[in-house]
Amino acid sequence: MSIASTFIKIPRERIGVLIGLKGKVKQQIEQILKVKLEVDSETGGVTILLSEDAEDPSVLFRAKELVLAIGRGFSPERAFQLFNEDTILQIIDLRDIVGKSESSMKRLKGRVIGKEGKTRRVIEELTETEVAVYGHTIGIIGKPEQVQIAREAIMMFLQGSQHNTVYRFLHRKRRELKRKMLEIWEKPGEI
């Protein structure tokens, strides 16, 4: 009998965050998702094995996404939102936009983070998502529709849009989402 597994590699400097103080983060992932994490701290390799008592093999995907989120700069607390099935992770690789130019990458990350983190906070608040800027990636965690809006806003920044333009876009999208939620609540029998 073969046990299902998957493999992912994360930056070595994030292994300590994945394991957590006294192994608490690793244990929590293993207990909640019914998987076993085998971590190679030398290479950053993480093998995720399905526990025998796991009922749903799709937890392998969820565990891989969670490990990736921690590897891409999210704190475990923020990454743990991925335990919810209606929450997703999306990664934007800046190398796809600027190649390997470190100076361009640094400039673009600065645009997304903003002065003292203001821009990133605005994106997070208006889209109700979590955003992490780490290495050559920007990660977004949230519900699919909200992640899509945050991604659009981030891409606007990366393509050079003015901050005011992006903020207006975010405010408009937030109003649309609220209106849609109100319509759902007003018509409870029509879902």
Exercise for the section: State which residue pairs qualify: first residue at negative phi and inside the range 132-155, second residue aromatic (Phe, Trp, Tyr) and buried (at least 20 other Cβ atoms within 10 Å of the Cβ) in any location, beta carbons under 9 Å apart, and separation of 6 or more residues or different chains. Expected result: Ala132/Phe74; Tyr134/Phe74; Gly139/Phe74; Ile141/Phe74
Fill in the blank from the handout: When restricted to Leu126, Leu68, the only residue crowded, with 19+ Cβ neighbours inside 10 Å, under 18 Å from the mean Cα position of the chain (by Cα), closer than 26 Å to Gly20 by Cβ and of a type outside the set (Ser, Thr, Tyr) is Leu68
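Could you pull out the residue among Leu60, Leu18 that is part of a helix (DSSP H, G or I), of a type outside the set (Ser, Thr, Tyr), outside the structural domain of Val133 (by TED's automatic domain parsing) and closer than 16 Å to Gly139 by Cβ? Give the derivation first.
Details: Leu60 fails: closer than 16 Å to Gly139 by Cβ.
The conditions single out Leu18.
Would you point out which residue out of Thr47, Thr87 is within 22 Å of Glu130 (Cβ to Cβ) and among the β-branched types (Val, Ile, Thr)?
Checking each option against the conditions leaves just Thr87.
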Handout entry: Some residue of the range 44-56 being exposed (fewer than 13 other Cβ atoms within 10 Å of the Cβ), under 23 Å from His136 (Cα atoms), within 19 Å of the chain's Cα centre (by Cα) and not polar (S, T, N, Q)
Key = no
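Can you name the residue in the range 24-52 that is touching a residue at least 40 places away in the same chain (Cβ under 8 Å) and not in a helix (DSSP H, G or I) and is also farthest from Ala63 (Cα to Cα) among such residues? Give the steps one after another, and end with the answer.
Restricting attention to the range 24-52, the residues satisfying the condition of being touching a residue at least 40 places away in the same chain (Cβ under 8 Å) are 25, 28, 32-33, 47-50, 52.
Then keep just the ones that are not in a helix (DSSP H, G or I); that gives 47-50, 52.
On the way: Thr47: 10, Ile48: 7, Leu49: 10, Leu50: 10, Glu52: 15 Å.
Of everything passing the filter in the range 24-52, Glu52 is farthest from Ala63 (Cα to Cα).
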Problem - Criterion violated by Glu13 - all others in (1) exposed (fewer than 12 other Cβ atoms within 10 Å of the Cβ); (2) in contact with a strand residue (DSSP E or B) (Cβ under 8 Å, 6 or more places away or on another chain); (3) not in a loop (DSSP other than H, G, I, E, B) satisfied - result: (2)
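The values are calculated or read from the model by the stated rules, or taken from the named source; none is laboratory data. Please read all numbers here as calculations on a predicted model, not as lab measurements. Cβ atoms come from the backbone with ideal geometry, glycine included; neighbour counts cover every protein chain shown.
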